[in-house]
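Undergrad: Attaching a single structure in structure tokens format; questions to follow.
The values are calculated or read from the model by the stated rules, or taken from the named source; none is laboratory data. In this text, all values refer to a predicted model and were calculated from it rather than measured experimentally. Neighbour counts run over all protein chains shown; Cβ positions are idealised from the backbone, glycine included.
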Amino acid sequence: MNVELRPVTRDNWRECIRLELEPEQRGHVASNVGSLAESRFEPHYVPTAIYADESMVGFIMYCPDVETDEEGLFWIFRFMIDRQHQRMGIGEQALRLALRDIASRGGRTVNISFVPDNTIAAGLYERIGFEATGEIENGEIIMTIDLN
């Protein structure tokens, strides 16, 4: 399966907001429509569609941390795979692609967070190489990975 990241554009944003999570996952990630609206007012956000074999199957959004002085720190703060495409390895491939893109943008360290009961996300992040920081922000567990 060929997985790619592509910008969310005028041509595909409607498809992006139609992506769905399983009902029990809906409290784990902000909505794609809300995320896209947010990105219109935060020019450093990178809203990105995840494609598998030419079909949009997910959404990921990341950005450099502009609130601290830590150079090269990025956050992945939205990440979802449509419910019909989960458990196929797409999420892992997409996350690895996002990390490569972040590195190409000058990223050295990437933080990601998840709600404590999202054990599937925790396992995925650990497989990729993220490690828990011991921090909790807004009720979410923070993990980090060094890209160097």
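Undergrad: All but one of (1) part of a helix (DSSP H, G or I); (2) over 21 Å from residue 30 (Cα atoms); (3) touching a Leu at 6+ places or on another chain (Cβ under 8 Å) hold for residue 107, so report the exception by its number.
TA: For residue 107, the failing item is (1).
Undergrad: Is at least one residue of segment 80-89 part of a strand (DSSP E or B), among the β-branched types (Val, Ile, Thr) and either more than 19 Å from residue 51 (Cβ to Cβ) or touching a Pro at 6+ places or on another chain (Cβ under 6 Å) (or both)?
TA: For segment 80-89, residues part of a strand (DSSP E or B), among the β-branched types (Val, Ile, Thr) and either more than 19 Å from residue 51 (Cβ to Cβ) or touching a Pro at 6+ places or on another chain (Cβ under 6 Å) (or both): absent.
Undergrad: Here's a check for you: in segment 7-45, which residue that is basic (Lys, Arg) and under 15 Å from residue 81 (Cβ atoms) is modelled with the lowest pLDDT?
TA: Selected residue: 26.
Undergrad: Then there's this: Does any residue in segment 49-60 that is on the phi < 0 side of the Ramachandran plot come within less than 6 Å, Cβ to Cβ, of a residue that is assigned to a strand (DSSP E or B) and of a type in the set (Asp, Glu) six or more places away or on a different chain, and which pairs are these?
TA: Note: pairs meeting the criteria are 51/4.
Undergrad: Right, something else. Being under 12 Å from the mean Cα position of the chain (by Cα), of a type outside the set (Phe, Trp, Tyr) and surrounded by 17 or more Cβ atoms within 10 Å (Cβ to Cβ) is the requirement here; does residue 143 meet it?
TA: Taking the combined requirement at face value, the residue does not satisfy it.
Undergrad: Among the residues of segment 10-27, are any closer than 23 Å to residue 117 by Cα, surrounded by 15 or more Cβ atoms within 10 Å (Cβ to Cβ), under 16 Å from the mean Cα position of the chain (by Cα) and without any contact (Cβ under 8 Å) to a residue 60 or more places away in the chain?
TA: No, segment 10-27 has no match at all.
Undergrad: Same structure, new question: So, in segment 61-81, exactly how many residues are over 16 Å from residue 20 (Cβ atoms), surrounded by 17 or more Cβ atoms within 10 Å (Cβ to Cβ) and not hydroxyl-bearing (Ser, Thr, Tyr)?
TA: 10
Undergrad: I would also like to ask the following. Being polar (S, T, N, Q), modelled with pLDDT of 95 or more and either touching a Cys at 6+ places or on another chain (Cβ under 7 Å) or surrounded by fewer than 18 Cβ atoms within 10 Å (Cβ to Cβ) (or both) is the filter here, so list the residues in segment 82-119 that pass it.
TA: Correct list: 93, 104, 109.
Undergrad: Criterion first (more than 22 Å from residue 127 (Cβ to Cβ), touching a strand residue (DSSP E or B) at 6+ places or on another chain (Cβ under 8 Å) and either aliphatic (A, V, I, L, M) or part of a helix (DSSP H, G or I) (or both)) does residue 56 satisfy it?
TA: For residue 56, the condition - more than 22 Å from residue 127 (Cβ to Cβ), touching a strand residue (DSSP E or B) at 6+ places or on another chain (Cβ under 8 Å) and either aliphatic (A, V, I, L, M) or part of a helix (DSSP H, G or I) (or both) - is met.
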